Structure formats: structure tokens, C-alpha cells
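The values are calculated or read from the model by the stated rules, or taken from the named source; none is laboratory data. Worth saying up front: this structure is predicted, and the values here are computed from it rather than measured. Don't worry about glycine lacking a Cβ; one is built from the backbone with ideal geometry, like all the others, and counts go over all protein chains shown. Ligands, DNA and RNA are stripped out before the accessible areas are found, and what is left, the full protein with its side chains, is counted by its heavy atoms. Shrake-Rupley method; radii C 1.70, N 1.55, O 1.52, S 1.80 Å.
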Amino acid sequence: MNYEEAVAYILDVPKFTKKNTLDNTRAVLERLGRPDRRMKLIHVAGTNGKGSVCAYLASILKAAGKKTGLFTSPHLAVINERFQMDQEMISDELFLEGFEAVMEAVHALLEERPDTFSHPTFFELLFLMGMYLFDKYGMEYAVLETGLGGRFDATNVIEKPLVSVITSISLDHTEYLGDTHALIAGEKAGIIKEGCPVVYDGTRRDVEDVILAKAAQMHARAYAIRPDMYKILMNTQKTIDFSIETGYYDPVNISISSVAEYQIMNAMEAVTAAHVLDIGLTEAQIHEGMANMRWQGRMETILPGVILDGAHNDAGVEEFVRTAKKFEKDSGVSILFSCAREKDYEGMIRTICESLDLDRVTVTEIESDRKVPAEELKELFEKYTDCPVEAVPSVAEAFGRAQRQKGKGILFCVGSLYLAGSLKNLLRSEKYA
């Protein structure tokens, strides 16, 4: 196969299907020589913010001179984004190499154990590729983001992470993980291993109770991160400066390149996890890591006056509107919105409309069979707002119209990671080159 054929093969494997057992994934790792055992691993789960925490950690480790692999999901524009080595996305050639190595192991196991071994799922294939590549190319550390959940996630085959991190918990993927915060926390807390420390978002008491119970069961030291542990020093339209005082290490002042206050908790969790690693980090290395972290689709300025945010669930949208309100008085706010069918899109729309004084709304359709028709989204927006609402099914056309009509205000593109990916691809195209 060539690269394009390998990507097509992986994309053809169902993303939302019944997971295989962790023993199935272990079998492939064994065939590959257990690459996961030759690296120092950091494991991150949660509903919102886990990708950002992973990116902060990888950036801090690079600043500390550590060769670091980063495995995250989902990707926005190209599937290679899921694998980074020292903050560089892997090449098509490396992607193909990882795919071929994993598929060789898979085919051998399918032939040897046809009754007990199953073909890996979409996510399992990608995780296995990451483990193979990071090990082969000498990554000392690997930062791993879970896919869906934690307890039964493919990444949970790892045996003894240096530290686990559990970010904020909200109601998402309830059909798989449970319909309460406590139930979902139980799934995420499944990544806590015997004697391995855990850093967690301690904002919600019901979530904290579950995590602490699991940590006690696993004899794992737990480090809570709470909003009262930081103080904002300065907040501009490009950066946030804040102080951290957790009690776990000396107080420190941090600056992050973000307009979103929700990134403060993510940054604190990453800094705390980095301290738990006990690798002699200096304050300068932490500052460098924070300054050099870049994470696509999270309050990312993609063009002047145009901000892309991948908020796609209730908690994400609540954080989005908190940030957007900062621009409302001085600039005015308009939005480009689309959403996947399985989300509570009416709830998201209601939150946006009740929280923001919008100048105008453009709705479009994600490029997926799980799309919500633009006209349906338009009707819902008109139910909750009096501002002009326009339905434009084509993402490219909708983006162009929304830009032209935003005036001097800020255009936020929000509602779906699929939308974020489509816009990133559009910006890479000849039209915007």
C-alpha cells in the first residue's frame, strides 16, 4: 500500500464500534515487542481539555530536553496530526511505516488465532502505530490521550505510567459512558494504576469523590487542581498571565498564548503533572514549554478577526461563551455554527443565544453522514435569537459569507470538530494559500 491507501484503509474501519478487549490490543503489542515498556508514559483522560493538557506536557518535556512522542485524537485536517515527535507531526512516510508494521502483526495474529483474535478498531490501530513509531524513533517519553472513556480504552493497556491526569468531566458520549458525572468519572478513573500518582480536576465534588476512591484503592497519590489555586494577572486578546499556588510546589507565574480562561486549568494540570515527574524542571523550562505550546482548534485565531473553537458539547460551549463575551462589548460577535447529529445541539444553541448578544449567525453542514441539516439549525437559532440567521449548506460558501458579513466584529466558528477540520483544510487550499 501507499500512504493514501493506508489512510483510506484506516478510515474505513468503523470509529464507533464495539471495542475489542484490552487483551486483544496487548496481543499486538506483544507481537511488536512491547514498545510501550521501553518508554516513560503519561496518560491523560477526561471529557474536555485532555488534548490541551497533553500538548502542554509535551511542550514542557521538549523544553526540558526530553525526546517526547505525543498521541492525541481526533485530528482536524490530516490524520498524521495524531502523532507528534518533539512537537513535529510525523511524515507520510513514517505514517505508512507504522501502519505496515502494525498490520503485519495483525495479519499474523489473525492467521494464528482466528477464533480468539479480532481485527483492531480504528482507534486501536492508530494507538498501536503510535507506540511502534515512538519506540522505534527513540522517544524517551510518550504522552497519551485516551480516546473514548478510559477504563476500556485501548491506551489503558499501558502498565505503569509515571503520572495519570484526569481533566474536567462533563456529560458527553453518555450512551457509552453513563448519564451522570459520577458514572463518567468512574470510566475515566479507570486509568489510575497501582501506586501511580494522579493529577485531577477537583472542581466537582461528585467527580472528586469517585477519583479519590479509585486512587485510594490503587494506593495512588492524588493531586487536586481547583480554580482557587490561580489568580489572573493580565488578560489580553492574545495571552493570559496568571499565578499558580497549588501547595504542591513553589508558586509560579505563567503566561499562555490563549484568549480562553478555561485553558488556565488545563495549563495548571500540565504544570502539576510535570512537577510530579520529578525530573528537575526549572521555572525557565516551564515558561518555555507554556510559551511554545500550540493546539489547533481551541480558541485559535485562524485569520484576522476569525477565531476557531472546537467546542462541541454543553461544557465546551459554556466555556466558549465565557470567552466570547470578552469580545462582545468592544467588537461585536457573530458565529458560524454546525454540529453532529448525536450532540445536544439545541441545548448548545440555546446556551449561545441566551449568553451572547449576537450580531448575526451563519449555519452550515459538517461533511459527515452525521450532519444536522442547515435549515434545521437555522430554525433552532431563530427560536432563541432575533438576530439575522442564514443557512448555507456548503462550508466553504458559508465561511466566505460569514467573513464578509462580520464587519469589524469577531467571527467565531464553533459547534463541531468536523467543522474545525473542514475550515483548516479550506485554509490550506489554493483559495487561501
Suppose the filter is of a type in the set (S, T, N, Q) and either within 30 Å of Val317 (Cβ to Cβ) or open to solvent by less than 20 Å² (accessible area, probe 1.4 Å) (or both); does Ser118 pass it? no
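Out of curiosity, is Thr246 crowded, with 17+ Cβ neighbours inside 10 Å, touching a strand residue (DSSP E or B) at 6+ places or on another chain (Cβ under 6 Å), among the polar types (S, T, N, Q) and under 26 Å from Thr323 (Cα atoms)? Spell out how you get there, then give the answer.
Values: crowded, with 17+ Cβ neighbours inside 10 Å: yes; touching a strand residue (DSSP E or B) at 6+ places or on another chain (Cβ under 6 Å): no; among the polar types (S, T, N, Q): yes; under 26 Å from Thr323 (Cα atoms): yes.
No: the conditions fail for Thr246.
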Tell me whether region 43-55 contains one or more residues that are modelled with pLDDT under 95, at positive phi and open to solvent by less than 10 Å² (accessible area, probe 1.4 Å). yes
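Can you find, within region 80-104, the residue that is farthest from Cys54 (Cα to Cα) among those that are over 23 Å from the mean Cα position of the chain (by Cα) and surrounded by fewer than 20 Cβ atoms within 10 Å (Cβ to Cβ)? Give the derivation first.
Taking region 80-104 and keeping what is over 23 Å from the mean Cα position of the chain (by Cα), we get 93, 96-97, 100-104.
Right, trim to surrounded by fewer than 20 Cβ atoms within 10 Å (Cβ to Cβ) and you get 93, 96-97, 100-101, 104.
Numbers: Glu93: 24, Leu96: 24, Glu97: 24, Glu100: 26, Ala101: 25, Glu104: 29 Å.
Looking at residues that are over 23 Å from the mean Cα position of the chain (by Cα) and surrounded by fewer than 20 Cβ atoms within 10 Å (Cβ to Cβ), I get Glu104.
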Does Asp309 meet the test of being under 16 Å from Leu411 (Cβ atoms) and not aliphatic (A, V, I, L, M)? yes
Hey, could you check region 285-340 for residues that are free of Cβ contacts under 8 Å to residues at least 12 places away in the same chain and over 27 Å from Phe83 (Cβ atoms) and say which is most open to solvent (accessible area, probe 1.4 Å)? Lys329
Is region 291-299 home to any residue that is polar (S, T, N, Q) and outside any helix (DSSP H, G or I)? yes
Matching residues in region 1-42 - criterion: being open to solvent by 100 Å² or more (accessible area, probe 1.4 Å), touching a residue at least 40 places away in the same chain (Cβ under 8 Å) and not basic (Lys, Arg): Met1
If I filter region 204-217 for residues that are closer than 13 Å to Ala45 by Cα and touching a residue at least 60 places away in the same chain (Cβ under 8 Å), do I get at least one hit? no
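Table: residues versus (1) over 18 Å from Phe412 (Cβ atoms); (2) open to solvent by 50 Å² or more (accessible area, probe 1.4 Å).
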site	(1), (2)
Glu342	yes, yes
Thr351	no, no
Leu356	no, no
Asp359	no, yes
Thr364	no, no
Ser368	yes, no
Lys371	yes, yes
Ala374	no, no
Glu382	yes, yes
Val199 fails exactly one of (1) in a loop (DSSP other than H, G, I, E, B); (2) of a type in the set (A, V, I, L, M, F, W, C); (3) touching a residue at least 60 places away in the same chain (Cβ under 8 Å), namely (1)
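For region 168-187, does any single residue satisfy the condition of being at pLDDT 95 or above and not β-branched (Val, Ile, Thr)? Before the answer, list the steps.
Taking region 168-187 first, the residues at pLDDT 95 or above are none.
Checking region 168-187: not a single residue is at pLDDT 95 or above and not β-branched (Val, Ile, Thr).
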Got a number for residues in region 228-264 being modelled with pLDDT of 95 or more and either part of a helix (DSSP H, G or I) or within 18 Å of Ala45 (Cβ to Cβ) (or both)? 2
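How many residues does region 209-243 contain that are over 18 Å from Gln263 (Cβ atoms) and open to solvent by 20 Å² or more (accessible area, probe 1.4 Å)? Outline the logic, then answer.
Let us first name the residues in region 209-243 that are over 18 Å from Gln263 (Cβ atoms), namely 209-224.
Checking the rest, the ones that are also open to solvent by 20 Å² or more (accessible area, probe 1.4 Å) come to 209-210, 212-214, 216-219, 221-223.
Number satisfying all stated conditions: 12.
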Taking the condition over 20 Å from the mean Cα position of the chain (by Cα), under 23 Å from Tyr262 (Cβ atoms) and surrounded by fewer than 16 Cβ atoms within 10 Å (Cβ to Cβ), does Thr180 pass? yes
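Give region 389-416 a look and list any residue that's part of a helix (DSSP H, G or I) and buried (at least 19 other Cβ atoms within 10 Å of the Cβ), or say none.
Going through region 389-416, the residues part of a helix (DSSP H, G or I) turn out to be 395-405.
Result: Val395, Ala398, Phe399, Ala402.
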